[in-house]
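**Student:** Provided herewith is a single structure, encoded as structure tokens, for subsequent inquiry.
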Amino acid sequence: MRIAELSRTTGVPVPTIKYYVREGLLPPGELTSRNQATYGEAHERRLHLIRALLDVGGMKVAEIAKVLAAIDDPERPLHKVLGAAADRLGNANTEHEDTESVAAHAVVADLISRRGWRAHESHPAAADLAKALASMARLGHGAFVEVLDDYAGAAEQVARADLAYADRRVGVEDMVERVVIGTVLGEAVLGALRRLAHVDASAHLYGTEGPPARKPR
């Protein structure tokens with residue numbers, strides 16, 4: 001297909017497609033003449049992945065480029081690809097070290113050790129978790145650490161589900177892509193499911209109304 005058709009199929013404007021090609025996110029089309037190129041199903045699929053990581057995953061173009069480079073590296077183990085995708089989700093910046101921050105980092109290090117997680121306390125996700133716990137403590141909600149193991153147990157179940165999806169019997173390229181999708185887009189799915197569950201749990205605990213009545217057929 002020509003680039004105009006690729007644009008219509010994916011909903012991505014032609015100038016944006018050309019930008020992705022220049023930035024190395026999308027491989028160039030196959031030249032059929034000096035100014036014409038054709039694009040195939042692989043280009044369409046890659047465009048959908050780029051837009052999903054950008055629009056749903058909230059990633060920046062530079063971050064997406066690193067994830068796609070990991071996907072396209074045949075020598076990189078799946079574990080490393082997963083790490084490349086997961087690291088792009090982190091947003092913890094260096095913060096001022098105070099009492100709450102020090103305590104939060106200690107809590108996270110202890111959690112990782114107790115649960116036998118094969119992750120280092122210096123991992124970006126550990127920094128994100130410590131930053132969140134420190135903020136809670138400053139707001140007077142330090143007791144949240146008492147339910148941290150419940151959250152950790154739920155997170156382990158979600159992680160197993162993510163990898164079970166990625167580990168289905170498919171080709172290597174599909175498997176690598178599944179790892180990224182399960183990690184990055186799964187974060188958005190989990191957040192949405194959590195909000196829905198909050199609505200239901202809140203209605204059961206505090207609501208006075210019963211479940212919504214069924215519409216007559």
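The values are calculated or read from the model by the stated rules, or taken from the named source; none is laboratory data. Predicted model, so just to flag it, every value in this text is computed and none were measured. Using ideal geometry, Cβ is built from the backbone for each residue, glycine included, and neighbour counts are taken over all protein chains shown.
**Student:** If V67 satisfies every condition in (1) in contact with a Ser or Thr (Cβ under 7 Å, 6 or more places away or on another chain); (2) part of a helix (DSSP H, G or I) but one, which is the exception?
**Tutor:** (1)
**Student:** Among the residues of region 1-41, which ones are modelled with pLDDT under 90 and not in a loop (DSSP other than H, G, I, E, B)?
**Tutor:** L31, T32, S33, Q36
**Student:** Could you say whether any residue in region 135-147 is surrounded by 17 or more Cβ atoms within 10 Å (Cβ to Cβ), assigned by TED's automatic domain parsing to the domain that holds E97 and modelled with pLDDT of 85 or more?
**Tutor:** Within region 135-147, one or more residues are surrounded by 17 or more Cβ atoms within 10 Å (Cβ to Cβ), assigned by TED's automatic domain parsing to the domain that holds E97 and modelled with pLDDT of 85 or more.
**Student:** Kindly establish whether L185 is in a helix (DSSP H, G or I) and either at pLDDT below 90 or exposed (fewer than 12 other Cβ atoms within 10 Å of the Cβ) (or both).
**Tutor:** Spelling it out, L185 is indeed in a helix (DSSP H, G or I) and either at pLDDT below 90 or exposed (fewer than 12 other Cβ atoms within 10 Å of the Cβ) (or both).
**Student:** Next question, about the same structure. I need a count of the residues in region 65-109 that are of a type in the set (A, V, I, L, M, F, W, C), more than 21 Å from H120 (Cα to Cα) and modelled with pLDDT of 85 or more.
**Tutor:** 1
**Student:** Next question, about the same structure. Only residues in region 185-199 that are of a type outside the set (V, I, T) count as the first member; pair them with residues that are surrounded by 14 or more Cβ atoms within 10 Å (Cβ to Cβ) and part of a helix (DSSP H, G or I), Cβ under 8 angstrom, at least 6 apart or cross-chain, and list the lot.
**Tutor:** L185/A52; L185/L53; G186/V158; G186/D162; L190/V158
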